[in-house]
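Okay, so here's the structure we're looking at.
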Amino acid sequence: MNRAVADIAAPLVLIAVLLAGWEAACRIMEIPSYFLPAPSEIAKAAVNSAPILFMSAWNTLFMALKALAVASVLACGVALVVALNRTLEKAVQPLAVALQVTPVIAIAPQVVIWAGLAHPERAIVALAVIVAFFPIFSGALTGLKATDPDLERLFDLYGATRRQRLWRLRIPSSVPFVLEGHKVAGGLAVIGAVVAEFVAGSGGAQGLAWRILESSNRLQTARTFAAVIVLAIMGALLHAALRYAEQAILKRLRGR
Amino acid sequence: MSVASLAAVEVEYPGRGKALGPFDLTVEEGEIVALVGPSGCGKSTALRLLAGLEQPTRGTVARTPGRGETSVVFQSPNLMPWASALANVALPLELDGVDKAEARQQAADALARVGLSGAVAAKPAQLSGGMAMRVSLARALVTEPKLLLLDEPFAALDEITRRDLAADIHLLWAETRPAVIFVTHNVEEAVYMASRVVVMSAAPGRTFNVIQTDPVLPRPPHFRTTLEFRSAAEAISRDLAASMGRAA
């Protein structure tokens, strides 16, 4: 009990101390707000712009979730096809790795042009899909191949067909790996969406990155900070939600 | 009539050399045979040959070829962690194309026979080690096999659980009388379970000696305290020590 309280209190106390130090430094040294706003000013900006920050966060989150859904279908589908054929797997693997190691920012400008400058949200979703694809694909492929050798032997013993083996053994075995892949991909989809918003750099898709750009250009530094904090909170909440979903599904699946 | 046999089989693994043989074994209908030997003598390999999960390097294997005619209970319960006890037991039937409702009904009956009618919906993680092994046994029996292969099924269980399970296996065996081959490195389990005990030498495993034990199966109560039980166990222990080149 005491330990649990301490575990929760420790990071809060540290944050409070750091914020107090920051606030004191800004006031004592009279640092101008456009250069480094004090925490109290950031809080004020956050409250004043709350509705628009909330709307922007929702826009970014919605695009990231759309991207996660598309990436999920694509990655699981490709992993399933590839897992059935070794030659196909060898063919796809280097392309998938190339896609993963290419920084999304390097291809973003071109994707924005392809999507059409009038539809930045399409480019943002597409880029977030590219970033979210790999962890799901990799997890699904690993999971489809990570079957228990003893269960494989059991399926051999009863003369299971390839199809029975796929549906009754390989796909259920892959579930924990697929869920882990989604958890990683969720965070990456948000990052992908934000990076793409920066590159798109227009008000066409009014996400959090646009708020950051806009505030920064107007020297509303406190509002910039507020937007960054909202972004961090949103990312953390998404991660927590995906982790909760993962644990709930696994618990249901294994009965414990 | 023999149900399955190994004739002069030898198994060699690349890089590991010879693991088994030449080795002969014939199992008659309704007979329970135990294979005893030191670790790594190839007794599990012999079992995999009879299950058709492996092919011999030399020699011939005669086995019941039909689906579900040979069942194996592995060292671990080897259950699908995502499936209920019922679904796990129904698996061999469903893989064979039996209608799902019919398969589930037979699986429920099989679970009732091993005393687990209350755990039908439980997932493997919710079962104790002994219960999981019983589910595994129900799965092996659900196809009414002619040959039941038991690969050290008690290895991970405590003494009381393994004694209960050993007695229950005899009762279940008595219902349909399949031929049983029981692999173990526990001498007393071998004497209790089987009416014929084949003692194998260290790798590559060969027959060192064959000992007939009391032919009465299932065992009467307190069988473990009889002189017959003790002397058979001592004889096998001596053979086992001699097969490893040591004095008992």
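The values are calculated or read from the model by the stated rules, or taken from the named source; none is laboratory data. On a predicted model such as this, the values are computed, not experimentally measured, just so you know. Cβ atoms come from the backbone with ideal geometry, glycine included; neighbour counts cover every protein chain shown.
Please return the ranges of strands (runs of 3 or more DSSP E) entirely within region B:1-113 where 3 or more residues are within 14 Å of chain A (Cβ to nearest Cβ) and either closer than 14 Å to A:LEU157 by Cβ or modelled with pLDDT of 90 or more (or both). So that I can check it myself, show each step before the final result.
Details: elements: B:2-13, B:17-28, B:32-36, B:58-62, B:70-73.
Qualifying strands (runs of 3 or more DSSP E): B:70-73.
Out of all the residues in region B:16-53, which are touching a helix residue (DSSP H, G or I) at 6+ places or on another chain (Cβ under 7 Å) and either surrounded by 19 or more Cβ atoms within 10 Å (Cβ to Cβ) or among the small types (Gly, Ala, Ser) (or both)?
Across region B:16-53, the qualifying residues are B:ALA19, B:LEU20, B:PHE23, B:LEU25, B:ILE32, B:ALA34, B:LEU35, B:VAL36, B:GLY37, B:ALA51.
Residues to consider are B:VAL191, B:VAL199, B:VAL210, B:VAL216; find the one that is at pLDDT below 90, of a type outside the set (S, T, N, Q) and touching a strand residue (DSSP E or B) at 6+ places or on another chain (Cβ under 7 Å). Before you say what the answer is, go through the steps one by one.
Values: B:VAL191 fails: at pLDDT below 90; B:VAL199 fails: at pLDDT below 90; B:VAL216 fails: touching a strand residue (DSSP E or B) at 6+ places or on another chain (Cβ under 7 Å).
Answer to the selection: B:VAL210.
In region A:120-141, is there at least one residue being loosely packed, with under 15 Cβ neighbours inside 10 Å, free of Cβ contacts under 8 Å to residues at least 12 places away in the same chain and either more than 17 Å from the chain's Cα centre (by Cα) or more than 14 Å from chain B (Cβ to nearest Cβ) (or both)? Give the derivation first.
As a first pass, look at region A:120-141 and keep what is loosely packed, with under 15 Cβ neighbours inside 10 Å: none.
No, because not a single residue in region A:120-141 is loosely packed, with under 15 Cβ neighbours inside 10 Å, free of Cβ contacts under 8 Å to residues at least 12 places away in the same chain and either more than 17 Å from the chain's Cα centre (by Cα) or more than 14 Å from chain B (Cβ to nearest Cβ) (or both).
When you check A:PRO109 against the structure, is it touching a helix residue (DSSP H, G or I) at 6+ places or on another chain (Cβ under 9 Å) and not in a helix (DSSP H, G or I), yes or no?
Values: touching a helix residue (DSSP H, G or I) at 6+ places or on another chain (Cβ under 9 Å): yes; not in a helix (DSSP H, G or I): no.
No: the conditions fail for A:PRO109.
Checking the structure you have, find out if any residue of region A:37-53 is crowded, with 17+ Cβ neighbours inside 10 Å, of a type in the set (A, V, I, L, M, F, W, C), in a helix (DSSP H, G or I) and under 25 Å from the mean Cα position of the chain (by Cα).
Within region A:37-53, one or more residues are crowded, with 17+ Cβ neighbours inside 10 Å, of a type in the set (A, V, I, L, M, F, W, C), in a helix (DSSP H, G or I) and under 25 Å from the mean Cα position of the chain (by Cα).
State whether the residues of region A:145-159 include one that is within 14 Å of another protein chain (Cβ to nearest Cβ), of a type in the set (Gly, Ala, Ser) and free of Cβ contacts under 8 Å to residues at least 40 places away in the same chain. Outline the logic, then answer.
First pass over region A:145-159, keeping only residues within 14 Å of another protein chain (Cβ to nearest Cβ): A:146-159.
Still in the running and of a type in the set (Gly, Ala, Ser): A:146, A:159.
Those left that are additionally free of Cβ contacts under 8 Å to residues at least 40 places away in the same chain: A:146, A:159.
Yes, region A:145-159 contains at least one residue that is within 14 Å of another protein chain (Cβ to nearest Cβ), of a type in the set (Gly, Ala, Ser) and free of Cβ contacts under 8 Å to residues at least 40 places away in the same chain.
Among B:ARG177, B:ARG230, which is in contact (Cβ under 8 Å) with a residue 12 or more places away in the chain and of a type in the set (D, E, K, R)?
Details: B:ARG230 fails: in contact (Cβ under 8 Å) with a residue 12 or more places away in the chain.
B:ARG177 is the lone residue from the list that is in contact (Cβ under 8 Å) with a residue 12 or more places away in the chain and of a type in the set (D, E, K, R).
Checking the condition part of a helix (DSSP H, G or I), of a type outside the set (S, T, N, Q) and over 13 Å from A:ALA46 (Cβ atoms), which residue from A:LEU242, A:LEU231 passes?
Step by step, each of A:LEU242, A:LEU231 is checked, and only A:LEU242 is part of a helix (DSSP H, G or I), of a type outside the set (S, T, N, Q) and over 13 Å from A:ALA46 (Cβ atoms).
Take A:ALA193 and tell me if it is touching a helix residue (DSSP H, G or I) at 6+ places or on another chain (Cβ under 7 Å) and within 24 Å of A:ALA79 (Cβ to Cβ). Steps first, please.
Numbers: touching a helix residue (DSSP H, G or I) at 6+ places or on another chain (Cβ under 7 Å): yes; within 24 Å of A:ALA79 (Cβ to Cβ): yes.
When the stated conditions are applied, A:ALA193 passes them.
Here is a list of conditions, (1) free of Cβ contacts under 8 Å to residues at least 24 places away in the same chain; (2) part of a helix (DSSP H, G or I); (3) charged (D, E, K, R); (4) farther than 23 Å from A:GLU89 by Cα, and A:ARG165 meets all of them except one; can you say which number that is?
So the condition that A:ARG165 fails would be (4).
What pairs come up if the first residue lies in region B:11-35 and is polar (S, T, N, Q), the second is in a strand (DSSP E or B), and their beta carbons are under 8 Å apart, counting only those six or more places apart or on different chains?
Final answer for the pair search is B:THR26/B:SER2; B:THR26/B:ALA4; B:THR26/B:SER5; B:THR26/B:LEU6.
Could you please let me know if B:SER195 is within 28 Å of B:ALA8 (Cβ to Cβ), in contact (Cβ under 8 Å) with a residue 24 or more places away in the chain and more than 20 Å from the chain's Cα centre (by Cα)?
Details: within 28 Å of B:ALA8 (Cβ to Cβ): yes; in contact (Cβ under 8 Å) with a residue 24 or more places away in the chain: yes; more than 20 Å from the chain's Cα centre (by Cα): no.
So B:SER195 does not fit the description; no.
Can A:VAL228 be described as surrounded by fewer than 19 Cβ atoms within 10 Å (Cβ to Cβ), more than 14 Å from chain B (Cβ to nearest Cβ) and either within 19 Å of A:LYS66 (Cα to Cα) or at pLDDT below 95 (or both)?
Values: surrounded by fewer than 19 Cβ atoms within 10 Å (Cβ to Cβ): yes; more than 14 Å from chain B (Cβ to nearest Cβ): yes; either within 19 Å of A:LYS66 (Cα to Cα) or at pLDDT below 95 (or both): yes.
Spelling it out, A:VAL228 is indeed surrounded by fewer than 19 Cβ atoms within 10 Å (Cβ to Cβ), more than 14 Å from chain B (Cβ to nearest Cβ) and either within 19 Å of A:LYS66 (Cα to Cα) or at pLDDT below 95 (or both).
From (1) in contact with a helix residue (DSSP H, G or I) (Cβ under 7 Å, 6 or more places away or on another chain); (2) surrounded by 14 or more Cβ atoms within 10 Å (Cβ to Cβ), pick out the condition that doesn't hold for A:ALA146.
Among (1) in contact with a helix residue (DSSP H, G or I) (Cβ under 7 Å, 6 or more places away or on another chain); (2) surrounded by 14 or more Cβ atoms within 10 Å (Cβ to Cβ), the lone unmet condition for A:ALA146 is (2).
If I ask for residues that are small (Gly, Ala, Ser), assigned to a helix (DSSP H, G or I) and within 16 Å of A:ALA222 (Cβ to Cβ), which ones from region A:1-36 would you list?
Of region A:1-36, the ones small (Gly, Ala, Ser) are A:4, A:6, A:9-10, A:16, A:20-21, A:24-25, A:33.
When the remaining residues are screened for being assigned to a helix (DSSP H, G or I), the result is A:4, A:6, A:9-10, A:16, A:20-21, A:24-25.
Of everything in region A:1-36, just one residue is small (Gly, Ala, Ser), assigned to a helix (DSSP H, G or I) and within 16 Å of A:ALA222 (Cβ to Cβ), namely A:ALA25.
Can you tell me how many residues within region B:188-228 are farther than 25 Å from B:LYS18 by Cα and either in a loop (DSSP other than H, G, I, E, B) or not small (Gly, Ala, Ser) (or both)?
To start, the set of residues in region B:188-228 that are farther than 25 Å from B:LYS18 by Cα comprises B:188-196, B:211-228.
Add one more test, that the residue is either in a loop (DSSP other than H, G, I, E, B) or not small (Gly, Ala, Ser) (or both), and what stays is B:188-189, B:191-196, B:211-228.
Final tally of qualifying residues: 26.
Which ones in region B:200-233 are closer than 30 Å to B:GLY40 by Cα and among the hydroxyl-bearing types (Ser, Thr, Tyr)?
Hits for region B:200-233 are B:SER201, B:THR207, B:THR213, B:SER231.
Anything in region B:209-237 that is of a type in the set (Ser, Thr, Tyr) and either more than 20 Å from B:LEU171 (Cα to Cα) or surrounded by fewer than 16 Cβ atoms within 10 Å (Cβ to Cβ) (or both)? List them, or say none.
Passing the criteria: B:THR225, B:THR226, B:SER231, B:SER237.
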